[in-house]
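*Asks:* Got a structure for you, questions after.
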């Protein structure tokens, strides 16, 4: 497993690499122009959380952990080209991450629905595509941690989280053919989910009895994005 510091360095390195490639490509670019055009895009997202939170320690000493970031999901994006250099977009996503000891006897998931807004600087690369460097705020909704360990003789804990504000940065390569586009990118986002309520085996649990890592769940992550879009 990567350390938290190494995960941050990897994300920063990837973003910088996209920028360098795009800057070098400008030397020979015959730029495309997507100004004044709408774009719809569907994408798959997959990543790894920056930090794991401990759910519980079993009787044999095994720690069951789960990350509030990363996991698998999908997104739908609507974008618009303000100019030849700038896009704006809004995306709605669904994501779910799983515990590191996932099995038929131990089921732990964290589900959430991010809504992300971004401004993206475009670096055209000849007539084949463009690099997009983006950043913006995000609203992370519907956070729900469901940890069912009853088959191990341990409790079933469900925690609901309040909507959380976060931020994200991204770098994408977009290949364009006629009105269609293929996108591959990386993204880093920072967010922390504050607890709203909790239950233990179906009964209400005072939130002050929930462990500190789960009361304020770290949802930061870096992830990869692969998508297909269409311009109008």
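A short reminder: the numbers here are calculations on the coordinates, not readings from a lab. Every value quoted in this text rests on a predicted model; they were computed, and no experiment measured them. Please note: Cβ atoms are built from the backbone with ideal geometry, for glycine as well, and neighbour counts cover all protein chains shown.
*Asks:* What number do you get for segment 104-154 when its Cα radius of gyration is normalised by 2.2 N^0.38 Å, N = residues?
*Replies:* So the Cα radius of gyration is 2.05 times the expected 2.2 N^0.38 Å.
*Asks:* Okay, next question. Rounded to two decimals, what is Rg over Rh for segment 74-170 when you use alpha-carbon atoms and the Kirkwood radius?
*Replies:* Using only Cα positions, Rg/Rh for segment 74-170 is 1.18.
*Asks:* Counting only C-alpha contacts under 8 Å and six or more residues apart, can you give the relative contact order of segment 168-232 as a whole percent?
*Replies:* 41 percent.
*Asks:* Same structure, new question: When you count, for each residue, the other Cβ atoms within 10 Å and take the mean per peptide, how do 138-148, 200-210, 214-224 rank with the highest first?
*Replies:* Descending mean neighbour count gives 214-224, 138-148, 200-210.
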